[in-house]
1. From the convex hull of the Cα coordinates of region 192-256, what is the mean projected area in square nanometres?
2. If amide H atoms are built 1.01 Å from N in the plane of the peptide, which residues on other chains or at least 5 residues away come under 5 Å of the amide H of I172?
3. Suppose we look only past 13 Å in the calculated P(r) of region 141-190. What percent of the Cα-Cα pairs does that tail hold?
4. Go through K138/K177; K41/K61; K41/K254 and tell me which ones have a Cα-Cα distance over 21 Å in this structure.
5. Residue-wise, which Karplus ³J(HN,Hα) couplings in Hz belong to region 131-136, taking 6.51 cos²θ - 1.76 cosθ + 1.60, θ = phi - 60°, and x for glycine or proline?
6. How high is the relative contact order of region 130-256, in percent, with contacts defined as C-alpha pairs under 8 Å that are six or more residues apart?
7. By the scheme Lys and Arg +1, Asp and Glu -1, what is the net charge of all other residues having a beta-carbon under 12 Å from that of N178?
8. Near the amide H of M204, under 5 Å away, which other amide H atoms are found, from residues 5 or more places off or on another chain, if H is placed in the peptide plane?
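Quick note: the coordinates plus some simple rules give every number you see, no bench work behind them. These numbers come from a predicted model, not from an experiment. Note: ideal-geometry Cβ built from the backbone for every residue, glycine included; neighbour counts use all protein chains shown.
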Amino acid sequence: MNNFPDRLLGNQAGRFYWATAIVTGIRQDLLRPDHYYADLKRYVDFDRLVGYQENGGFESKLFLPDGRVSGGRAVQAVRVISDEECDAILNAGLSERSPWPERYDEAGLGNEFEEQPQAPLERPLVEQLVNRRFRDAKFRQHVRIAYDRRCAFTGLRLINGKGRPEVEAAHIMPVEKNGPDSVQNGIALSGTVHWMFDRGLLSMDDDYTILKSRHLNHDVSHLLRPDMKALVPDDPRLRPHPYYLDWHRSNCFKAA
């Protein structure tokens, strides 16, 4: 398990943990022999940035006896931490519940298309991280917050009578194609638009221009924003990454 430290906030460097993933392998850069890449799976963003020194610090070896951060250890690309320290970081980063209620069937009748209540954190978080239901709930929570519960393509923010946002969290590169549960691989879309996006009838350019497929049987311009520009988060770190957008245009979008 790898908890990613260090992140740049604006023009100010801050030391934070912001995500977790499982390392599946290490590869050497063929052009730069002294550089290596880590192959990851089951990446998930934290609910918030977790500071190194929060609650007195999570990594005991990261701090000197006088409480200062050890400069030598802080700059290490890889640090081994204990299971207890890992659990503490995961709990700090992934324990926030969704601020909005989930959809559920009050009569108790199941429906495969209904969103189930977010699973409580009863099992150790390391086990939760491999649970698809838990990961879906976290991805949905993070995307809805990043897009302020608003559909990126229509601009509509629809809230039901119980305060639940109707906007859905769409993966740009699907999970079954090894797409990560990262906000940068997500976009908030209403149900109908989500359906068209997943089937390649709609896509998005790198400048966030909404693209319409010629395979559309009807003109859906009236459903989309008039300027054909998707609404994306103000924070560049939360916007769709060009890599995933290119994948969607190349592998999913029915352009011709």
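1. On the way: hull surface 18.1 nm².
Taking the Cα atoms of region 192-256, their convex hull projects to 4.5 nm² on average.
2. It is G186, I187, by chain and number.
3. 53
4. K41/K61; K41/K254
5. 3J(HN,Hα) across region 131-136, in whole Hz: 8, 4, 5, 5, 5, 4.
6. 28
7. That works out to 0.
8. HN-HN under 5 Å from M204: L211.
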